[in-house]
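As structure tokens, the structure follows; a few thoughts come after it.
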Amino acid sequence: MPYKEPKIEKLYYTIGEVARMFNVNTSLIRFWEKEFDIIKPYKNKKGNRLFTPQDIENFHLIFHLVKEKGLTLKGAEKKLKENKEDTIQNFEVVSKLKNIRELLVEIKDSI
């Protein structure tokens, strides 16, 4: 059996790394942090924000609601407060469907 490199996941991500993940400015990340209660970054002694993988998942959820579904910030915040579980489930279904679509497009292109 060949050796497989273990996937290394970071414990903390800087604000620049998070901004690059979503292709947005760092100011938007700071703004969303202030607007949404579910994002609580760790701040070191210098005051630098360090985001956990859970924060990244919450950013994915906010990004989906605001940028992809077109909700306002108030609408997204209300949706997360009222029925967060349904929103998370809906987001997971949409992401799985996107992955399936990418796979199908890749298979179509290779034929």
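The values are calculated or read from the model by the stated rules, or taken from the named source; none is laboratory data. Predicted model, so just to flag it, every value in this text is computed and none were measured. Positions of Cβ are backbone-derived with ideal geometry, glycine not excepted, and every protein chain shown enters the neighbour counts.
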Are any of the residues in the range 49-67 within 17 Å of TYR13 (Cβ to Cβ) and more than 15 Å from the chain's Cα centre (by Cα)? yes
Answer yes or no: is there a residue in the range 84-97 that is at pLDDT 85 or above and of a type in the set (S, T, N, Q). no
If we keep just the residues of the range 1-59 that are at pLDDT 90 or above and among the small types (Gly, Ala, Ser), which is nearest to GLU77 (Cα to Cα)? SER27
Selection from the range 61-102 of residues in contact with a helix residue (DSSP H, G or I) (Cβ under 7 Å, 6 or more places away or on another chain) and within 15 Å of PHE22 (Cβ to Cβ) yields LEU61, ILE62, PHE63, HIS64, LEU65, VAL66, ALA76, PHE91
Just to be sure I understand the filter: pairs with C-beta atoms under 6 Å, separated by 6 or more residues or on different chains, first member in the range 10-21 and touching a residue at least 40 places away in the same chain (Cβ under 8 Å), second member part of a helix (DSSP H, G or I). Which pairs pass? VAL18/ILE29
